[in-house]
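Some notes on the structure that comes next.
Derivation of every value follows stated rules applied to the coordinates shown; laboratory data play no part. Predicted, not measured: the structure shown is a model, and the values here were computed from it. A quick note on method: Cβ atoms are made from the backbone with ideal geometry, for glycine too, and the neighbour counts reach across all protein chains shown.
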Amino acid sequence: MNRIGVFTSGGDAPGMNAAIRAVVRAGIFYNKEIVGIYRGYEGMIEGDFEEMDVRSVANILQRGGTMLKSARSKEFRTPEGRKKAFEQLQKHNIDALIGIGGDGSFTGMHHLYLEHGIPYICIPGTIDNDIPGTDYTIGYDTATNTAVEAIDKIRDTALSHNRLFFIEVMGRDSGYIAINSGIAGGAVSIIIPEEETSIDELVEKLNRGGEKNKTSSLVVVAEGGKSGSAMEIARKVNEKSSYFDTKVTILGHLQRGGSPTYFDRVLASKMGVAAVEGLDQGKTDSMVGISHHEIIFNKFDDIMNQPKDIHKDDLRIAKILSI
Ligand code: F6P
């Protein structure tokens, strides 16, 4: 394994640049050639490649987004698309891959490995923190901090106008951003996909707050919740009680941008170095992860068939604190 292709794929996440930098620099440190693949699997299929050196990754550590750009490729999901990508890799003598992305990116590399034997390591990069086999994914800490900052600002205006706000955060089918930004932002209720929410109980809780002279309230809603979007939940609450002056804020893609926190920069740096070292030691079909502050590797088949459970204790704490 002498020539490694590095790429980012799926939704971008703050810290991806730090991971690219770590892969390039560790690769060069271990005498490998590193090739940047632009636009994820799209660029792999089209041969959008560039040789990387130490300077190509200068001054990117602190930047959000991904210098290699990202995409979600439909074509790569087909065996024909993957064959095209493999032919491009062969043409450019790329004999191993390090991909930074979420579960779709990991699955893509797994298929490429099974069909064409390209060794690879996945680095988990997604704000959703929804990948099993790692305590944290790159970008989750920054996105959650961004959400908390926004919640704090909304609290100011909610207090001034005695309003009830429903704040929708990202996370796809996972409630990690919601639960932790909700605890950190002092939400009265946190609605996550991992738990059933009763609108009646929510209204009752909001009413109880009103009876105790609580003039404003914040409810954090994960976008993938079973009870619907923040907009739908606000509508259902208003149907049952006209007492509240209700507003909805959808934080959306602002959670994906911004300079990564120290935590995401360090996590990405550690994972980038570990991915190069892992490949060098013959590891493949695996994802690098972090567990109890230690770098670990997990095989695709050992983790990708399990859901990543939200910490039950976080839910318990959120409930105690929002009485
Ligand atoms: O997976 C990251 C994520 O930001 C999710 O939280 C969200 O559901 C999705 O991507 C949005 O995707 P897109 O940027 O393609 O709209």
Practice task
For the chain, evaluate the Debye formula with one uniform point scatterer on each Cα (no solvent term) and list log10 I(q)/I(0) at q = 0.09, 0.11, 0.14 Å⁻¹, rounded to two decimals.
Solution key: -0.50, -0.69, -0.97
Practice task
Taking H placed 1.01 Å from N in the peptide plane, check which residues at least 5 places from ILE191 or on another chain put their amide H under 5 Å from its amide H.
Solution key: VAL220, VAL221, ALA222
Fill in the blank from the handout: Among ILE131, ALA147, ASN162, the residue whose Cα sits farthest towards the positive end of the charge dipole of segment 120-169 (+1 at Cβ of Lys and Arg, -1 at Cβ of Asp and Glu, taken about the Cα centre) is ASN162
Practice task
Considering the options ILE295, GLY185, PHE76, tell which one lies farthest towards the positive end of the dipole of the chain, charges being +1 on Lys and Arg and -1 on Asp and Glu at the Cβ, about the Cα centre.
Solution key: GLY185
Problem - Degrees, to the nearest 10: 230-240 long Cα axis against longest axis of the chain - result: 20 degrees
Exercise for the section: Please report, to two decimal places, log10 I(q)/I(0) for segment 66-185 at q = 0.15, 0.19, 0.23 Å⁻¹ as given by the Debye formula with identical point scatterers on the Cα atoms and no solvent. Expected result: -0.76, -1.01, -1.27
Fill in the blank from the handout: Taking Cα atoms only, helix 16-29 is inclined relative to the longest principal axis of the chain by an angle, in degrees rounded to 10, of 30 degrees
Fill in the blank from the handout: Asserting the computed 222 nm helical MRE of the chain (DSSP H runs at least 4 long, -39500 (n - 2.57) per run, divided by residue count, to nearest 500) equals -13000 deg cm²/dmol
Fill in the blank from the handout: Reduced to Cα centres, the span from segment 92-143 to segment 215-278 in Å works out to 23 Å
Practice task
Would you mind calculating the relative contact order of the chain from Cα pairs under 8 angstrom and at least 6 residues apart, reporting the percent as a whole number?
Solution key: 23 percent
Fill in the blank from the handout: In whole Hz, the Karplus estimates of ³J(HN,Hα) for segment 160-167 (6.51, -1.76, 1.60; θ = phi - 60°; x where Gly or Pro) are 5, 10, 6, 10, 9, 10, 9, 10
Practice task
Mind checking the full-extension length gain between GLU211 and GLU80? Use 0.36 nm per residue of separation minus the Cα-Cα distance, one decimal, nm.
Solution key: 40.9 nm
Practice task
Per residue of segment 108-113, in order, report the coupling 6.51 cos²θ - 1.76 cosθ + 1.60 (Karplus, θ = phi - 60°) as ³J(HN,Hα) in whole Hz, putting x for Gly and Pro.
Solution key: x, 5, 4, 5, 4, 5
Exercise for the section: In debye, nearest 20, what is the charge dipole magnitude of the chain about its Cα centre with +1 on Lys and Arg Cβ and -1 on Asp and Glu Cβ, if you could check? Expected result: 620 debye
Fill in the blank from the handout: For the chain, the longest principal axis of the Cα atoms and the Cα long axis of helix 79-91 enclose an angle in degrees, to the nearest 10, of 50 degrees
Practice task
Note down the magnitude of the dipole of segment 1-156 about its Cα centre, charges +1 on Lys and Arg C-beta and -1 on Asp and Glu C-beta and zero elsewhere, to the nearest 20 debye.
Solution key: 280 debye
Handout entry: Theoretical FRET efficiency, 1/(1+(r/R0)^6), r = Cβ-Cβ of ASN162 and MET1, R0 45 Å, to 0.05
Key = 0.10
Handout entry: Rg ratio (alpha-carbon, reference 2.2 N^0.38 Å) - segment 1-126
Key = 0.94
Exercise for the section: Positive end of the charge dipole of the chain (Lys, Arg +1 and Asp, Glu -1 on Cβ, about the Cα centre): tell me which of GLY117, ILE100, ALA58 has its Cα farthest that way. Expected result: ALA58
Completion exercise
The lysines whose Cα lies under 23 Å from the Cα of LYS69, excluding any fewer than 8 residues away in the same chain, are LYS32, LYS83, LYS84, LYS91, LYS270
Handout entry: Rough spin-label spacing in nm, given labels placed 7 Å along Cα→Cβ, for HIS292 and SER259
Key = 3.5 nm
Fill in the blank from the handout: Expressed as a whole-number percentage, the relative contact order of segment 184-319 with C-alpha contacts under 8 angstrom and at least six residues apart is 19 percent
Completion exercise
The size of the Cβ-based charge dipole (Lys, Arg +1; Asp, Glu -1) of segment 121-170 about the Cα centre, to the nearest 20 debye, is 240 debye
Exercise for the section: For the chain, give the share of DSSP beta bridges that are antiparallel, in percent and rounded to the nearest 5; count only bridges with both residues there. Expected result: 25 percent
